[in-house]
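Scroll down for the structure; my scribbles are underneath it.
Here, each number is a calculation from the coordinates, and none is a lab measurement. Note that the structure is predicted; figures quoted are calculated from it, not measured. Note that we place each Cβ from the backbone using ideal geometry, even for glycine, and neighbour counts take in every protein chain shown.
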């Protein structure tokens, strides 16, 4: 898996596509939270659930259907409180992309069994053809070791840098307002 920090960074980068100053910070927090939620499946190890099982790591919780379900619930909860400066569909799409990005990033790692993108309809596990990201250890103690440092270096190159560039470009495009085209006044006699 990619690290929790990198999943959140990817989600916040995706959020720049939807950014408006009036949108409350809790929307971005929920997107970041949903981007790490698929890794809640690691608690299954404590209950004897094997990695390759339906509920195992990188199984159903990493699927596109799970991302749809999470997005629907998050959208309903966020919109119950008040207007957010973001339409219902835009909010749903943002949370979906943030959640689904988790599986995509994990499918770009060099370890594990792959991602069950199409679960529950197809529980086969897949990787993307290009896998430059070093897999992050599941254990927190192993993450804060030499191997964890190598993972962070890999994620800095393959996740953080592209996310920063993407976010910067998106924010610059949002600040650039198209120039108004003025039609010339007609000249008499034309």
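Picking from 21, 132, 162, which is most flexible by a Gaussian network model of the chain using Cα springs under 10 Å?
Its mean-square fluctuation being the largest, the pick is 21.
Rank 93, 169, 151 by mean-square fluctuation in a GNM of the chain with C-alpha springs under 10 angstrom and give only the top-ranked residue.
Checking each option, the largest mean-square fluctuation is seen for 169.
Give the shape of segment 90-133 as rounded, prolate or oblate, defined through the alpha-carbon gyration tensor: a ≥ b ≥ c are the square roots of its eigenvalues, a/c under 1.5 means rounded, and otherwise the shape is prolate if a/b is larger than b/c and oblate if not.
oblate
When the helices in the chain are scored as -39500 (n - 2.57) per DSSP H run of 4 or longer and the sum is shared across all residues, what 222 nm value do you end up with, to the nearest 500 deg cm²/dmol?
-15000 deg cm²/dmol, from helical runs alone.
Any idea what angle helix 146-155 forms with the longest principal axis of the chain, computed on alpha-carbon atoms, 0 to 90 degrees, nearest 10?
Between helix and principal axis, roughly 30 degrees.
Work out the FRET efficiency for residue 113 and residue 5 from their Cβ-Cβ distance, taking R0 = 22 Å, and round it to the nearest 0.05. Can you show the working numbers first?
Details: r = 23 Å, r/R0 = 1.04.
Efficiency computed from Cβ-Cβ geometry: 0.45.
Counting other C-beta atoms within 10 Å, which of 34, 17 has the fewest, and how do the rest follow?
Ordered by Cβ neighbours within 10 Å, fewest first: 17, 34.
In a GNM of the chain with a 10 Å cut-off on Cα contacts, which of 60, 94, 166 has the highest mean-square fluctuation?
In this elastic network of the chain, the residue with the biggest mean-square fluctuation among 60, 94, 166 is 166.
Quick check: from the Cα gyration tensor, does the chain come out rounded (a/c under 1.5), prolate or oblate?
In terms of gyration-tensor shape, prolate.
Can you sort 99, 161 from fewest to most other Cβ atoms within 10 Å of each residue's own Cβ?
Details: 99 28, 161 11.
So the residues, fewest neighbours to most, are 161, 99.
Between segment 39-112 and segment 157-173, what is the separation of their alpha carbon centroids in Å?
22
What is the helix-to-structure angle for 88-106, meaning the angle in degrees between its Cα long axis and the longest Cα principal axis of the chain, kept from 0 to 90 and rounded to the nearest 10?
40
Expressed as a rounded percentage, what relative contact order does the chain have, with Cα pairs under 8 Å and six or more residues apart?
26
Fewest Cβ neighbours within 10 Å first, please rank 86, 173, 69 accordingly. Mind showing how you got there, number by number?
Numbers: 86 21, 173 10, 69 15.
So the ranking, lowest neighbour count to highest, is 173, 69, 86.
Measure nothing fancy, just the Cα-based angle from helix 25-36's long axis to the longest principal axis of the chain, in degrees from 0 to 90, nearest 10.
40
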